[in-house]
Amino acid sequence: MLDKLLPKSSYVRNVITLMTGTSIAQAIPIAISPILTRLYSPEEFGVFALYVAIVSIVSVLATGRYQFAIMLPKNDRDAMHVVALVIGLSFIVSVVLFLVVMTFNVQITKLLNADDISIWLYWIPVSTLLVSILTSLNYWCIRRGSFRRISGNRVLQSGSTALVQLAGGSQNIGMYGLLGGQIAGQTICCAALSTLIYRENKALVKRIKKEKIIAFAKKYVNFPKYLIFGHGISNVAWEAPIFFLNAIFTASSAGFYMLTQRVLGVPVTFVSTAFADVFRREASLSYVSEGQCIGIYKRTLKNLLLLAVLPSILFFFTAPYIFSLVFGEKWRVAGEYAQILTPVFFCEFVIYPLSSMFMIAEKQKFDLLWQIANLLLIILAFVFGAYSSNVKVALLLYSSAYFIMSLTNGFISWKLAAGAWKNK
């Protein structure tokens, strides 16, 4: 009876599977946010945001962006060598990163204008390694169509992180609670997923050879060659407000911004990430066999727009009231930030899943050029915002710049899905 009610399309079923797990995983931190905002201060959220931003940026270097190549080999044995490549590279980069932190801790702390983060810099290599391993294992699951496993693992990570953060906050241990929860969630999730994959693919793991790992590193060298810089720029652009708000204004403003990210990130991660994972797989198959995937592209875009437009409009007009009611009056400012940043998250929701067309069409150069232009425009926005000495003006300029560049990204990815510029 239940099978008759489920959609027949594997594409839709996979999206629903990921949406279910992702929605639960994202509902957990949002559900506990009203408690966390009463256990932790905006300043503590600001330092935590800075830590997460740094990990997000350096993890690009750690994987070499080779995780995107996991989808490309024709057989799983070769794909497992690419997984091994990503994990091995992550270990090397994390060790180097630890040595850098140990040597230049004081200088890095001064550069970030955040004395409170000094001790936590030593944990950045650990988080970077865990994030990188999880990324490679998730792409392996995508390749195998194990969307239910990805879904369940996201719930596990979110739940374990929430429990530790709540426990830490109840004991009034400040940043130790927020960051301890983050690391604990990553560790538990990584251990569970790696154990399952190893048990199922023990034969493939045992047949891994160093020579083949090196061979695949050379074969897919365009991924680190173009994407490390490009995606590094992308992550810097996305995390730029955290750095600028902390350096130009206050740690509290960065904390308000982080709560905004946390709340508005729900629809983005709730649906967009699920669509992105499935779209990447289905579009890759169509593009390889037919030279285009415009049908899948249009269907995905239409569904995302239908899901995004009305909630974005409603949220824009009610954000300050919602934030003050749910998180406490001192967090109303975060709701005002949310109003300004609604276009940013709307574009991230709709455009992000489709931006993988740059990789599918192997147009890494196009992606790199767009990332450079995007970062430059965002930097200009904050430079002019700094002259105004007004946080909201800076965020308004940032939101406008991001909206313009997102529309440009959408236009290019549409053309790529239609099979344009194949010989360029």
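A short reminder: the numbers here are calculations on the coordinates, not readings from a lab. This structure is a prediction, so every number in the text was calculated from the model and none was measured. Cβ placement follows ideal geometry from the backbone for every residue including glycine, while neighbour counts extend to all protein chains displayed.
What does the convex hull of the Cα atoms of region 221-424 come to per residue, in Å³, rounded to a whole number? It would help to have the intermediate numbers written out before the result.
Values: hull volume 22.5 nm³, N = 204.
So the per-residue Cα hull volume is 110 Å³.
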Alpha-carbon centroids, region 309-343 and region 23-39: separation in whole Å = 16 Å
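Only helical DSSP H runs with n ≥ 4 go in: add -39500 (n - 2.57) per run for the chain, normalise by residue count and round the 222 nm mean residue ellipticity to 500 deg cm²/dmol.
On the way: 17 runs with 344 residues, N = 424.
That calculation yields -28000 deg cm²/dmol at 222 nm.
Please order ASP76, ASP115, ASP367 by the number of other Cβ within 10 Å, starting at the fewest.
Numbers: ASP76 15, ASP115 10, ASP367 25.
Lowest count first: ASP115, ASP76, ASP367.
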Using a basic spin-label model with each label point 7 Å from the Cα along Cα→Cβ, how many nm lie between ASP115 and ALA247?
-> 2.0 nm
By count of other Cβ within 10 Å, fewest leading, how are ILE248, ILE296 ordered?
-> ILE248, ILE296
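Over 20 Å between Cα atoms: which of LYS302/LYS415; LYS302/LYS422; LYS225/LYS298; LYS74/LYS212 fall into that group? Please list the in-between numbers first.
Working: LYS302/LYS415 16 Å; LYS302/LYS422 25 Å; LYS225/LYS298 30 Å; LYS74/LYS212 15 Å.
In this structure, LYS302/LYS422; LYS225/LYS298 lie more than 20 Å apart at Cα.
When only C-alpha pairs under 8 Å and at least 6 residues apart count, what is the relative contact order of the chain, in percent?
Result for the chain is 22 percent.
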If you build a Gaussian network model of the chain, linking Cα atoms that sit under 10 Å apart, which residue out of GLU348, GLU200, GLU44 swings the most?
-> GLU200
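Given the Cα atoms of region 1-218, and with Rh set as the inverse mean 1/r over their pairs in the Kirkwood sense, what is Rg to Rh to two decimals?
Values: Rg = 19.3 Å, Rh = 19.0 Å.
In region 1-218, Rg relative to Rh is 1.02.
Compute the semi-axes of the equivalent ellipsoid of the chain, taking the square root of 5 times each eigenvalue of the Cα gyration tensor, and list them largest first in whole Å.
Details: eigenvalues 205, 133, 106 Å².
For the chain, the ellipsoid semi-axes come out as 32, 26, 23 Å.
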Pairwise FRET efficiency - THR103 versus ALA420, Cβ, R0 = 41 Å, nearest 0.05 = 0.30
